[in-house]
Amino acid sequence: MPNFPRPILALTIILLAALGPFVDIQAALAQAADAPEIGDKSDQGNFEAWLVGVRAQAREKGISEATIKAALSDLQPIPRIIELDRKQPEFTLTLTQYLNRVVPASRVKKGRQKLAENRELLTALEAKYGVPGRYIVAFWGIETDFGRVSGGYSVVAALATLAHDGRRSAYFRKELMNALKIIDDGHITADKMSGSWAGAMGQTQFMPSSFLSHATDYNGDNRIDIWNTRADALASGANYLKKAGWNPDLTWGREVRLPEGFDTTLASKTNRLTLAQWHALGVMRVDGSALPLRDGIKGRIVLPESKKKGGPEGKTGRAFLVYDNFDVILDWNRSNFFAIAVGQLADQIKTQ
Ligand SMILES: [Ca+2]
């Protein structure tokens, strides 16, 4: 997020700091919606008393006393995190405004530099995981400005704060247990486990559950270090995408122009048509030329700015024809804006 970072100006930092956590929390909210409550409501009044229960649960899960002591002693909730969690604004930017912030020309330029600097590693990762380097670099750039801004919060304190807070306790308590396991496994110490205020960690902003299922030790030192070891971080991102179903033969999609009177009910997650079928329905490249007619490729139309029923004031906003890899990006972060930003940054990095 994840999330969802940056210099040039303090303004940029503020804007992207706001965007990153938004992105993290979207996935968190979606996952928390299906998670059962564990029963924190009865003991959330007193953080210390609550921590006693957390320590007991950690012991039951086989976390060592040393880790419990190192991670859960002298722990305080962080009021700023509750503030940030409560303040999440409605996402009111247009797509164009969002892309201007998340994929500025400076980031494209830096992305090209990063692609060149890491060519050997990225070529090896593409061979192993089937994900082109420009996509790995795009995720890296959007999540953390290429590893520069990965969040300054203690992940344990952040997750404990959110787990104790009671709004999405079950989800964050599980992530807290996952974080303790990562520490217990020796990948990072509690005091060095930093991340976003919502607990997204390292250069790829993995939640602890994603770390446990997808992070990988690429440089072979027996530690998975997505914070400081670039090879581990980028390989972990590539592994995530591979496991989520990345198709090496496809791109992500493209912006398109819809014909006058296009039936917007055709833009649905389930309505996957061939490029020839979309062509027959009048869908064009954004410059007005015909779609490429590669056989066998199906895509769906995404109208990221439209609310249901034709969008605000009947407008559909910008339109995209996307392939299966778009849904892989959404697996990482369930925001159409985020997925389009990743795709566009990857495209622009490639265009030299
Ligand atoms: Ca390693």
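The values are calculated or read from the model by the stated rules, or taken from the named source; none is laboratory data. Values in this document were obtained by computation on a predicted structure and should not be read as measured data. Note that we place each Cβ from the backbone using ideal geometry, even for glycine, and neighbour counts take in every protein chain shown.
Please count how many residues of segment 225-261 are near the ligand (Cβ under 10 Å from one of its atoms), part of a loop (DSSP other than H, G, I, E, B) and of a type outside the set (A, V, I, L, M, F, W, C).
Qualifying residue count for the region: 3.
Just to be sure, is Phe139 in a loop (DSSP other than H, G, I, E, B) and either at pLDDT 95 or above or within 15 Å of Leu345 (Cα to Cα) (or both)?
no
Suppose we keep only residues that are within 14 Å of the ligand (Cβ to nearest atom), outside any helix (DSSP H, G or I) and touching a strand residue (DSSP E or B) at 6+ places or on another chain (Cβ under 8 Å) within segment 176-224. Which one would you say is farthest from Pro79 (Cα to Cα)?
Ala215
Taking only pairs six or more apart or across chains, which ones have beta-carbon atoms under 6 Å, a first residue in segment 262-278 that is outside any helix (DSSP H, G or I), and a second residue that is among the aliphatic types (A, V, I, L, M)?
Listed pairs, sorted by first residue: Ala267/Ile301; Ala267/Leu303.
Within segment 162-170, is even one residue within 16 Å of the ligand (Cβ to nearest atom), of a type in the set (Asp, Glu) and either in a strand (DSSP E or B) or surrounded by fewer than 22 Cβ atoms within 10 Å (Cβ to Cβ) (or both)?
Among the residues of segment 162-170, not one is within 16 Å of the ligand (Cβ to nearest atom), of a type in the set (Asp, Glu) and either in a strand (DSSP E or B) or surrounded by fewer than 22 Cβ atoms within 10 Å (Cβ to Cβ) (or both), which makes the answer no.
Among Val302, Val286, which is among the hydrophobic types (A, V, I, L, M, F, W, C), under 25 Å from the mean Cα position of the chain (by Cα) and either buried (at least 16 other Cβ atoms within 10 Å of the Cβ) or more than 16 Å from the ligand (Cβ to nearest atom) (or both)?
That would be Val302, the only listed residue that is among the hydrophobic types (A, V, I, L, M, F, W, C), under 25 Å from the mean Cα position of the chain (by Cα) and either buried (at least 16 other Cβ atoms within 10 Å of the Cβ) or more than 16 Å from the ligand (Cβ to nearest atom) (or both).
I'm trying to understand the selection: among the residues of segment 68-105, which are among the small types (Gly, Ala, Ser) and farther than 18 Å from Phe338 by Cα?
Passing the criteria: Ala70, Ala71, Ser73.
Would you point out which residue out of Leu159, Leu125, Leu121, Leu176 is assigned by TED's automatic domain parsing to the domain that holds Glu48, over 20 Å from the mean Cα position of the chain (by Cα) and among the hydrophobic types (A, V, I, L, M, F, W, C)?
Answer to the selection: Leu121.
Go through (1) touching a Ser or Thr at 6+ places or on another chain (Cβ under 9 Å); (2) at pLDDT 95 or above and name the single condition Glu255 misses.
(1)
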